[in-house]
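Quick notes on the structure that follows.
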Amino acid sequence: MAFTMWRGVVGLVRPTRRPGAIEELIRMLPEGIGVLPFMVNFKAGVREEFSKAIPQYEQYTADLAEQKVDLILLSGTPPFCLLGVRGESELIKSWEKRHQIPIWTESQLHVEAMKAMKIRKFVGVSYSSLQIGIVSEYMKDTGLECVAFEPIEVPFEDVGQISTESVYAHTKKVWLQNPGADGIYIHGGGWQTARVVELLERDLQVPVVHAQVCNAWKIHKQLMVRETIPGFGRLLAELP
């Protein structure tokens, strides 16, 4: 039996069982959209975990397809970035063909959102130098140019404790130290800092793409809902 909501249901696969990220996403969505989450259980945030995770994502994707959700979002960029752009695309297309449901990885969404915001050269921030290395290699094949990509290095289990103020200060510093970019990329959905986007866009007068906001943006676009929640920046407000 499949349950429905009057504006649609999103199937979501999260990389960890860390609280906060799903709650933040739901706050960015209007009434009438359902979110059905499954959670992989990354504990250490190391390459070995990432490289072995695809079968778990595949199983959860199949479980969500059985529920007849309207789209499936696969959060957690490293497992899919490790496949490369072509390998990731071929895998997702095969799952879409099998299940007849639109499916996106977060890495695909991040690239799509930056291009929608007309960002070609970006300054990036994240919370892990390991993930920055993996994502940077992936981005080389997307047509986007990375000017700088700097981490707020914290233990994997403490990512959810990084404050909006810390992200703002770090991002602003990296942006000012690395001229030549035309946008900012805040990678990683583990921190609950989406409201930093509007602060940075207002103060620096530059488009900002935040991992969590990308999910809300794609949900609005796919479900054809234009009732956006204020306070999360241009990507969600304008739905380019």
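The values are calculated or read from the model by the stated rules, or taken from the named source; none is laboratory data. Small disclaimer: the values here were computed from a predicted structure and weren't measured. Note: ideal-geometry Cβ built from the backbone for every residue, glycine included; neighbour counts use all protein chains shown.
Computed values, structure above
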| read-out | value |
| --- | --- |
| Residue in segment 154-168 that is in contact (Cβ under 8 Å) with a residue 40 or more places away in the chain and surrounded by 22 or more Cβ atoms within 10 Å (Cβ to Cβ) present | yes |
| Scan of segment 39-63 for residues that are farther than 11 Å from residue 79 by Cα, assigned to a helix (DSSP H, G or I) and in contact (Cβ under 8 Å) with a residue 40 or more places away in the chain, ordered by number | 60, 61 |
| Residue list for segment 123-150, restricted to those being hydroxyl-bearing (Ser, Thr, Tyr), in contact with a Cys (Cβ under 7 Å, 6 or more places away or on another chain) and touching a residue at least 60 places away in the same chain (Cβ under 8 Å) | 138 |
| Residue that is among the β-branched types (Val, Ile, Thr), in contact with an Asp or Glu (Cβ under 9 Å, 6 or more places away or on another chain) and surrounded by fewer than 19 Cβ atoms within 10 Å (Cβ to Cβ), where the choices are 54, 101, 119 | 101 |
| Flag if residue 38 is under 16 Å from residue 18 (Cβ atoms), touching a strand residue (DSSP E or B) at 6+ places or on another chain (Cβ under 8 Å) and among the hydrophobic types (A, V, I, L, M, F, W, C) | yes |
| Residues of segment 196-222 classified as touching a helix residue (DSSP H, G or I) at 6+ places or on another chain (Cβ under 9 Å) and either over 17 Å from residue 164 (Cβ atoms) or polar (S, T, N, Q) (or both), total | 9 |
| In segment 134-151, the residues that are exposed (fewer than 15 other Cβ atoms within 10 Å of the Cβ) and either within 18 Å of residue 87 (Cα to Cα) or basic (Lys, Arg) (or both) | 137, 140, 141, 143 |
| Filter result (closer than 18 Å to residue 212 by Cβ, in contact with a Gly (Cβ under 9 Å, 6 or more places away or on another chain) and not in a helix (DSSP H, G or I)) within segment 75-104 | 75, 76, 77 |
| Count - residues of segment 183-192 that are on the phi < 0 side of the Ramachandran plot and at pLDDT below 95 | 4 |
| Qualifying residue in segment 14-34 (condition: farther than 16 Å from residue 73 by Cβ, acidic (Asp, Glu) and surrounded by fewer than 20 Cβ atoms within 10 Å (Cβ to Cβ)) | yes |
